[in-house]
Amino acid sequence: MASIRLQAPLTGVVVPLEQVPDPVFAQKMVGDGASIDPIDELLLAPCDGRITQLHKAHHAVTLTTADGIEVMMHIGLDTVHLKGAGFRPRVAEGDAVRTGDPLIEFDADFLATHAKSLLTQVLVTNVERVTSLARASGMVKAGRDLFLTLETTAAGEAAQAAGKTASSEAILIPNPTGLHARPAAVLANLAKRYASRVLLRRGDDEANAKSVVSIMGLEVAQHDKVVLIATGADAEAAIAALAAALAAGLGDEGTAPARAPATTEPDPANAPPPRPRSDDPNLLLGVAASPGLGVGRVFQLRRDEVQVTEAATDEPRMERRRLEDAMEYAKNELEALQAELHAKADPAKAAIFAAHQELLGDPDLLDIADSAIAKGKSAAFAWQRAYSTHAERLAQLKNEIMAGRAADLRDVGRRVLGILTGQPVQEPDIPQGAILIAEDLSPSDTAKLDPAKVLGFATVGGGATSHVAILARALDIPAVAGIEPRALDLAEGQEVILDGAKGQLRINPDPAEVDRILTVKQGLAEKKGADLAAAHAPAVTTDGHRVEVVANIGGIEDARNSVPLGGEGVGLLRSEFLYLERQTAPTEDEQTQIYADIATVLEGRPLIIRTLDVGGDKPLPYLPMPREENPFLGIRGVRIGLDKPEILRTQVRAILRASATPGAKLRMMFPMIATIDEIRAVKGLVEEERAHVPDAGEVELGIMVEVPSTAVMARQFAKEVAFFSIGTNDLTQYTLAMDRGHPKLGAKADALNPAVLRLIALTCEGAHAEGKWVGVCGGVASDPQAVPILVGIGVDELSVSVPAIPAVKAAVRERSLKDCRALAGQALDCATAADVRALVPSAY
């Protein structure tokens, strides 16, 4: 018997494990000990020993004493999801430490706003060695007060279990953060129910499956393949139970087992071809990505996959160095590309490649590659697997914007892979007058397209909000995303007509149709010139009714570009651009400066800032959120701000501070408001923060109308706010239960559906009854066919994409308000969106 005394590793209040709000710790599945609610920010060693495990997220560390007692310290609850943010380790694995030595520094303020709890668990994980345990109570002082007293037995060699050996099939780990403390504890406790000796094996490495520390030391990551091996009388029963639990994720949040193909699925080789989306055999449908018409000949862009050798030719250290050098070279290439684009006054494109640089530093990506290199894989193979795995994961996300970033990741991945293998991506020789067809295009591919040669492109992958679509619009190249896969079978040189605005590709066109489209294109070009010449004239109907036309922007460059095109302000600043593709939240000062700079560029024109609008389908790295079965009906929009108020409070203070900028005319708008309680809660929060910004100017508050409940109760909401802005993209999705980015349903998710128009009409009626104004900031506001209908319904402001400003202002000037109202009345009585569109002939 031996006695071990552990000093308090933190200053704070001792909390019994049974009171920790996490069943894995409360039920002592990881080990026995106690918890501390800390008031300081430096974790100290509770005794002498050696660091045997430091989690890569730096939130947990294990110290082993000279006689083998394992003491794990786990800072906070659910802090593994922070991926190291807020932690700074002061030790490394293998270090010898003395009582009171610093182990991990942490930012308590950051953890308090980003984690479930600051409660820190101090646990003996090999509890089979502990015969008695006494804990302190009340307040303890780090490094001074006694925290735990243990009586332990001497270490003995475990008897090798006699009997049969059984092993599992390879198991793919589904846990998003691998086998961290919680799933490791569940596995160890399950294994302890069996007398057999159980090992967890990954490649050549193995761990005792009954030891939490041993399992965590294996550093098993998501998608790693592992095998369970048991020896003993109940080996087969142990393997059957443990393999099933491991494959199912061990109860870890956000996991789902990798499923084998169902036997009822048809053999792809014998499956019938997909049914065409259109009844017209000469019409292929997709999603509108960039407007415009292109008449040209098919050029199929196909790229061969770079072939790599799986086995390493050198030791892991040299393979890692090879990968690091290639990544550094790629970063230099991207920096040069950004500088070139800035020199050409094209900051929008430059920003996309700046985001690519951020992707190169993604820790998850590097972890996957490092893991493969450690197993003897070549740097090229490890990197190819890393970015492919990550890209596939992104592509499966329900959030259209985040799924679209899969193309960015593949682009970055291929760039590095080309450097590693000496096989850079070859530039295709694209002929004049080409309509490009591809399975997918990377942002690098798109940025290099020559509009003089490429008259349009269609991709099977991607969506309307991908960086490829954004670049296409910047280049003024018509584009269709999500086109039917049979487009890949079209013959080279075949004449086609691509309609980017409708998301269509017409094959085998009649020569007369081709001549007609070419004539229309010439007419559109002339009209575009006339609209631009009159861009600064107000948007006034022929009988004197004024409509404000403002811009939807994603940053300061968009604001600059909107002014010479006649923009009368900003109706929607998507503030997400400040939060995405970074590892930490933007500071209050950083946000204040950017909002003030945009207000200055607008020279007194109004600026409406929409607060952060992200969702649980893809949480920000520094804003952990549980995965949701249906994120579009979960915690998104303003609900995030109310659930995690500190991030919203910071943004609100920044907007209020920016409102003091000379000449600024700022308004604040909140997304995804569905109930009166939500807007009242937000208004209360704004007033609390206003008290901290005494110099703030007048800032009107408004809401997005994106869900039917808000439109139906518009008059009640109008009593609470100064204005409405209708987000027709989401309003259409929620009204019709159709994802506008869905390749099969996107064409049907039309905001001119009479059901959507009726909700817009209800919104206008309710707002005007209370003397409030209504804008539309969704995509339909930029649609010339929709403009007279929206004006007739009663919309006061149209917030449109920057290039569309002159055309939308011109569309307002073409009719009288009386005619627009008559047209709107007819539209509201229609049965389908097609009937509505038939009321306003298209320019083509």
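The values are calculated or read from the model by the stated rules, or taken from the named source; none is laboratory data. All values reported here derive from a predicted model rather than from experimental measurement. Every residue, glycine as well, gets a Cβ built from its backbone with ideal geometry; the counts of neighbours run over all protein chains shown. For the accessible areas, the whole protein counts, side chains as well, though only heavy atoms, and no ligand, DNA or RNA atoms are used. Shrake-Rupley method; radii C 1.70, N 1.55, O 1.52, S 1.80 Å.
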I598 vs. criteria assigned to a strand (DSSP E or B), open to solvent by less than 30 Å² (accessible area, probe 1.4 Å), at pLDDT 95 or above and farther than 16 Å from L648 by Cβ: no
Criterion (over 27 Å from G702 (Cβ atoms) and open to solvent by less than 20 Å² (accessible area, probe 1.4 Å)) met by exactly one of V840, V802, V756: V840
Top-ranked residue in segment 295-313 [being at pLDDT below 85 and among the basic types (K, R); ranked as surrounded by the fewest Cβ atoms within 10 Å (Cβ to Cβ)]: R302
Segment 95-122, residues that are farther than 13 Å from H59 by Cα, open to solvent by 40 Å² or more (accessible area, probe 1.4 Å), assigned to a loop (DSSP other than H, G, I, E, B) and of a type outside the set (K, R): D95, T99, D101
Qualifying positions in segment 215-251 - small (G, A, S) and crowded, with 22+ Cβ neighbours inside 10 Å: A230, A235, A238
Restricting segment 127-146 to residues that are among the aliphatic types (A, V, I, L, M) and part of a loop (DSSP other than H, G, I, E, B), the residue that is farthest from L43 (Cα to Cα): A136
In segment 553-588, the residues that are closer than 20 Å to Y622 by Cβ and open to solvent by 50 Å² or more (accessible area, probe 1.4 Å): R574, F577, E581, R582, Q583, T584, T587
Segment 643-680, residues that are open to solvent by less than 50 Å² (accessible area, probe 1.4 Å) and among the small types (G, A, S): A654, A658, S659, A664, A674
One residue from A85, A66 being open to solvent by less than 30 Å² (accessible area, probe 1.4 Å) and either over 18 Å from R144 (Cα atoms) or in a loop (DSSP other than H, G, I, E, B) (or both): A85
Check on I640, at pLDDT below 95 and crowded, with 24+ Cβ neighbours inside 10 Å: yes
So A535, is it surrounded by fewer than 19 Cβ atoms within 10 Å (Cβ to Cβ), touching a residue at least 60 places away in the same chain (Cβ under 8 Å) and in contact with a helix residue (DSSP H, G or I) (Cβ under 7 Å, 6 or more places away or on another chain): yes
The lone exception for S782 - which of (1) open to solvent by 40 Å² or more (accessible area, probe 1.4 Å); (2) hydroxyl-bearing (S, T, Y); (3) modelled with pLDDT under 90 it fails: (1)
A108 over 28 Å from K225 (Cβ atoms) and at pLDDT below 85: no
Neighbours by Cβ (under 8 Å, 6+ apart or cross-chain): first from segment 10-25, within 18 Å of A60 (Cα to Cα); second among the aromatic types (F, W, Y): L17/F25
Residues of segment 6-23 that turn out to be open to solvent by 20 Å² or more (accessible area, probe 1.4 Å) and either on the phi > 0 side of the Ramachandran plot or of a type in the set (A, V, I, L, M, F, W, C) (or both), as a count: 2
Enumeration of residues in segment 6-27 that are farther than 24 Å from K210 by Cβ and outside any strand (DSSP E or B): A8, P9, L10, T11, P16, Q19, P21
Single residue of segment 411-453 satisfying the filter (open to solvent by 10 Å² or more (accessible area, probe 1.4 Å) and β-branched (V, I, T)) that is farthest from L293 (Cα to Cα): T421
Qualifying residue in segment 714-730 (condition: of a type outside the set (K, R), modelled with pLDDT of 90 or more and open to solvent by 60 Å² or more (accessible area, probe 1.4 Å)): yes
Qualifying residue in segment 193-211 (condition: surrounded by 20 or more Cβ atoms within 10 Å (Cβ to Cβ) and assigned to a helix (DSSP H, G or I)): no
Residue among R582, R486 that is out of contact with any Pro (no Cβ under 6 Å at 6 or more places or on another chain), in contact (Cβ under 8 Å) with a residue 60 or more places away in the chain and in a helix (DSSP H, G or I): R486
Complete set of residues in segment 489-532 that are within 30 Å of L817 (Cα to Cα), free of Cβ contacts under 8 Å to residues at least 40 places away in the same chain and over 40 Å from the mean Cα position of the chain (by Cα): Q522, E526
Segment 28-60, subset part of a strand (DSSP E or B) and of a type in the set (D, E, K, R), residue least open to solvent (accessible area, probe 1.4 Å): D32
Residue identified as modelled with pLDDT of 65 or more and within 31 Å of the chain's Cα centre (by Cα) among A262, A240, A230, A248: A248
So E128, is it over 27 Å from I647 (Cβ atoms) and free of Cβ contacts under 8 Å to residues at least 12 places away in the same chain: yes
